[in-house]
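Just so it is clear, none of the values below were taken in a lab; they were calculated from the coordinates. Since the structure is predicted, the reported quantities are computational estimates derived from the model, not experimental observations. Cβ atoms come from the backbone with ideal geometry, glycine included; neighbour counts cover every protein chain shown.
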Amino acid sequence: MGKVLTVVDLFCGAGGLSLGLHAAGFRHLKSIDHNSSAVETYARNLGAHVEAAEITEDMDLPSATLIAGGPPCQGFSSAGMRRTGDDRNTLVSVFAKIVARQKPLAFLFENVEGFLTGEDGSRVIDLLGPLINAGYHIHLRKVNVANFGVPQNRKRVIAIGGLHWAPTFPPPTHAAFGSPGATLVTGDLPATPTVSEAFRGLPRAAESAPGTPQGHFAPAITGDDLKRVHGLKQGQTMRDLPPELWHESFGRRAYRRVKDGTPTERRGGAPHGIRRLYADQPSKAITSFARNEFIHPTEDRFLTLRECARIQTFPDDFVFSGKLADQALLIGNAVPPLFAEQVAKHLAAELRAGVEQSAGPGRLLSFVPTMSTGMSPALQRITTIVRSAFLASNDGKPKEGQLQLWG
């Protein structure tokens, strides 16, 4: 059977990360989240080892091979307005200090891409500082989950660390397409599954809850909403509609830059309003708003919650608890289980093979802050900060062998 690998999952949400860890052979000792709908969903699908609690630096935790988790990301997310000083952002520091205190053989951290530039990059320091000081050898990279077989272009930040040993970073398993920078990962890899492949086998959506499987329903649309949906071809967004069909909120957001002078850090992502997905491409990133923004590729309706869950790679027998808005939030915030499984399998193989620990200091093995050929000014700033904090030698140059930086 091999070495038993155990895990504690912090900020576990509905259980997407745990589902992947379990599939990779990790045995859960405890999972924790403060959200009642998340805990109920987790317990219903994954077991009673989940606990509803606030996560604090000094909480009592069992000793495990791995500590995994993704502190709440809304303070960083580009899907909504960024909130400087959001209390949820400080949970990154809590996660790092827990790992540094517990000293598991490895840790796995996940967050949204805005984590890198949120709070002027200070949260990256909050994560790396305590862990490198504790002796962890760390990879910190932005990845696209589509490169790991998930049928959506969803960029996320992953940190993997080994205590006094150097893990390798899991290689991509799929060739992504349909998003800027997606084709930069090359090689003889199978193509990422498409939206139509993700929906394969689903029956026709019901018009009312609960649907079969759970969440597979979409209320009929009428009036201007139907005109909007009729007017959009695959890949088109509200921008492609006549202005008289724009949502009022879309019009405000489309011109917000000049109309109200909203600061850049609070502007959020570029407005799309609604979007009809391509059938033959991976989906755009699923968020808690996807069921109200994403139109089915070939049917004149919005996506069902189950279709959103399919794109996130949850199995059809995974049942979500809470009100519809709660379920949408759980699905949108989840780590795609298939992505978690691919990363966890790679880490598990190294842990089972046996790792050689040394008493040397911790270090940053790689830092990949972008998936494109250029950097934004914000990413350039955080790269300079990381170099200065963790990589500069006495002469001000990066320490040889400590940094691999692409982008």
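So here's what we get for this one:
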{"read-out": "Virtual spin-label span in nm between residue 206 and residue 385, 7 Å along Cα→Cβ", "value": "4.8 nm"}
{"read-out": "Interchain or long-range residues, amide H under 5 Å from residue 301's placed H", "value": "296"}
{"read-out": "14 Å cut-off, amide nitrogen to a point 7 angstrom out along residue 373 Cα→Cβ, residues in segment 139-182", "value": "180-182"}
{"read-out": "Top of 325, 285, 166 by mean-square fluctuation, Gaussian network on the chain, Cα under 10 Å", "value": "325"}
{"read-out": "Stretch in the chain that is longest and holds no GluC sites (Glu not before Pro) that DSSP places in a loop and that have at most 14 other beta carbons within 10 Å", "value": "58-206"}
{"read-out": "Gaussian network model of the chain, springs between alpha carbon atoms under 10 Å - residue of 215, 20, 374 with greatest fluctuation", "value": "374"}
{"read-out": "Flagged links, alpha-carbon separation over 21 Å, of 3/103; 30/284; 233/323; 30/97", "value": "30/284; 233/323"}
{"read-out": "Cβ-defined net charge surrounding residue 23, 10 Å radius [Lys, Arg +1; Asp, Glu -1]", "value": "0"}
{"read-out": "The chain: antiparallel DSSP beta bridges as a percent of all, rounded to 5", "value": "40 percent"}
{"read-out": "DSSP-assigned coil residues among trypsin sites (Lys or Arg not before Pro) in segment 285-360, each with at most 13 further Cβ atoms within 10 Å", "value": "323"}
{"read-out": "For the chain, built as a Gaussian network whose Cα springs stay under 10 Å, the top-fluctuating residue of 120, 60, 300", "value": "60"}
{"read-out": "For the chain, radius of gyration divided by Kirkwood radius, i.e. Rg to Rh on alpha-carbons", "value": "0.97"}
{"read-out": "Estimated [θ] at 222 nm from DSSP helical runs (n ≥ 4, -39500 (n - 2.57)) normalised by residues in the chain, nearest 500", "value": "-8000 deg cm²/dmol"}
{"read-out": "FRET efficiency, residue 366 to residue 221 (Cβ-Cβ, R0 60 Å, nearest 0.05)", "value": "0.80"}
